[in-house]
Amino acid sequence: MDRPPYRRALRRGATARPAVPGVGRTPTYAPAMAPPGTAQRGPTVASRVLSARARRLVGATVTVVLAAGGCSGGDDDEAADGRTTSSSTSTTAEPAPTSSSSTTVATATTPTTAATTTTTAASTTTSSPFDGATQRVEIPLPATTHEVVAHTDLGVASGDGEERITFGFDSFLPGVVVEYVERPVREAGSGDEVAVGGDAVLGIRFEPASSARIDGEDVTRTYTGPERVPGTGGSVVEVVQIGNFEAVYEWVAGLGAQVPFRVEADEATATVTVVVPAG
């Protein structure tokens, strides 16, 4: 099938011309040269089509050039007048107003008080059970005693959870019997009733003993203290003398209750002590 002459010309001998500066690369094509020996004929249809396209491209190029010239026309005029205007467009980025505000952040200082926890261990005084009993206690006469022993002093004291009734003698110790007795309490010899304070009565008997030293017909009192001695406000209410007859020397202790007791005899100090728990 025969193609139109202008299409054959484009395929065979079309050569691209350089693009007009500033207008992109738009190729224009020239008609193929006639082979040698062939007479050049008048413009063909293909050449006419190409010429029309070239004119359109040139017109577009002129339009673009004129538009560019119009933009720079003002500068050319000013240059022609000999005035050179250096249009310096300086874009100064204005810094944002920085307010150098000195912001003082007051840090709240919370005083930290180290909580001092003082753990006081409860002082638990574990008192050992009282060493004593309520049964009768008898301390026999020491072998070194050959005569009536003279009583010299009497004291009632308390301490360390105990109350002590101490009888002192001149140089030796008598025999001792300590036991609870029933009421009424009676005076030795006369049989008169003796009032004794407290709910329980503890009898204390020494033998041979006396409150005086007897030498023939001479009698010298060795114990000059009271015959009724008050207690310390604990278990011992009072200590009362109830007998001093025929070398039997007797006292009673009025106690707040019938409590255990013990008897301590010390030959070195010539003392006998009756000990009861503190009330």
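The values are calculated or read from the model by the stated rules, or taken from the named source; none is laboratory data. This one's a predicted model, so the numbers in the text were calculated from it and none came from an experiment. Methodologically, a virtual Cβ is constructed for each residue, glycine included, from the backbone with ideal geometry; neighbour enumeration extends over all protein chains shown. For the accessible areas, the whole protein counts, side chains as well, though only heavy atoms, and no ligand, DNA or RNA atoms are used. Shrake-Rupley method; radii C 1.70, N 1.55, O 1.52, S 1.80 Å.
Summed over segment 153-174, residues that are under 15 Å from residue 248 (Cα atoms) and of a type in the set (S, T, N, Q) total 0.
Please go through segment 156-167 and give me each residue that is of a type outside the set (A, V, I, L, M) and either more than 26 Å from residue 140 (Cβ to Cβ) or surrounded by fewer than 17 Cβ atoms within 10 Å (Cβ to Cβ) (or both), ordered by number. Across segment 156-167, the qualifying residues are 158, 159, 160, 161.
Taking the criterion of being open to solvent by 10 Å² or more (accessible area, probe 1.4 Å) and over 12 Å from residue 139 (Cα atoms), the residues of segment 257-266 that qualify are 257, 258, 259, 260. The single residue among 237, 219 that is closer than 30 Å to residue 129 by Cα and open to solvent by 30 Å² or more (accessible area, probe 1.4 Å) turns out to be 237. Of all residues in segment 154-184, those being under 60 Å from the mean Cα position of the chain (by Cα), within 18 Å of residue 211 (Cβ to Cβ) and not in a strand (DSSP E or B) number 0. Scan segment 244-256 for residues that are under 20 Å from residue 150 (Cβ atoms) and crowded, with 19+ Cβ neighbours inside 10 Å and the total you get is 4.
The criterion of being open to solvent by 20 Å² or more (accessible area, probe 1.4 Å), closer than 20 Å to residue 264 by Cα and not hydroxyl-bearing (Ser, Thr, Tyr) does not hold for residue 195. Take residue 171 and tell me if it is surrounded by fewer than 16 Cβ atoms within 10 Å (Cβ to Cβ) and touching a residue at least 60 places away in the same chain (Cβ under 8 Å). In short, yes. With the structure loaded, tell me whether residue 264 is on the phi > 0 side of the Ramachandran plot, among the acidic types (Asp, Glu) and out of contact with any Phe, Trp or Tyr (no Cβ under 8 Å at 6 or more places or on another chain) or whether it fails that test. Spelling it out, it is not the case that residue 264 is on the phi > 0 side of the Ramachandran plot, among the acidic types (Asp, Glu) and out of contact with any Phe, Trp or Tyr (no Cβ under 8 Å at 6 or more places or on another chain). Scanning segment 253-265 for residues that are in contact (Cβ under 8 Å) with a residue 40 or more places away in the chain and either more than 53 Å from the chain's Cα centre (by Cα) or assigned to a strand (DSSP E or B) (or both) yields 253, 254, 255, 261, 262, 263, 265.
Listed by position, the strands (runs of 3 or more DSSP E) contained in segment 185-245 that have at least 2 residues being in contact (Cβ under 8 Å) with a residue 60 or more places away in the chain are 200-207, 212-215, 228-230, 236-245.
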